[in-house]
Amino acid sequence: MTATAPTAAEAARTEAMEIFLSQLIFVLEGESRGAFTATKLSRWLDNCTKRMAETGSAKPEVIGQLRALQARVLT
């Protein structure tokens with residue numbers, strides 16, 4: 001299967017999701033007094049994607065995209 005370039009709508013949706021997640025992380029870190037930080041979120045996502053890969057509960061492409069989103073938003 002060949003990969004196709006994302007449509008403008010898909011690209012905009014991806015960018016909107018990245019912005020939303022970045023803002024959510026900012027609020028969580030500011031409001032929760034350290035209870036749920038970006039570092040903790042990143043560790044949680046590491047565990048989730050590892051488990052999804054182990055159980056096959058998500059396609060490898062989806063896991064890859066989740067990890068890429070994590071890297072863009074949590075760095």
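The values are calculated or read from the model by the stated rules, or taken from the named source; none is laboratory data. Model, not experiment: these values are computed from the prediction. Cβ sites come from the backbone with ideal geometry, for glycine too, and all protein chains shown count toward neighbours.
Data for the structure
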item: So A38, is it small (G, A, S), out of contact with any Gly (no Cβ under 9 Å at 6 or more places or on another chain) and either modelled with pLDDT under 90 or surrounded by 14 or more Cβ atoms within 10 Å (Cβ to Cβ) (or both); result: yes
item: Answer from L45, L28, L24 - the residue that is out of contact with any helix residue (DSSP H, G or I) (no Cβ under 8 Å at 6 or more places or on another chain) and aliphatic (A, V, I, L, M); result: L24
item: Single residue of segment 41-64 satisfying the filter (surrounded by 14 or more Cβ atoms within 10 Å (Cβ to Cβ) and modelled with pLDDT of 90 or more) that is nearest to P6 (Cα to Cα); result: I63
item: Residue within segment 27-35 that is exposed (fewer than 14 other Cβ atoms within 10 Å of the Cβ) and among the acidic types (D, E) present; result: yes
item: In segment 15-34, the residues that are without any contact (Cβ under 8 Å) to a residue 24 or more places away in the chain, of a type outside the set (A, V, I, L, M) and part of a helix (DSSP H, G or I); result: E15, F20, Q23, F26, E29, G30, E31
item: Checklist (1) of a type in the set (V, I, T); (2) more than 16 Å from the chain's Cα centre (by Cα); (3) part of a helix (DSSP H, G or I) applied to V62, failing item; result: (2)
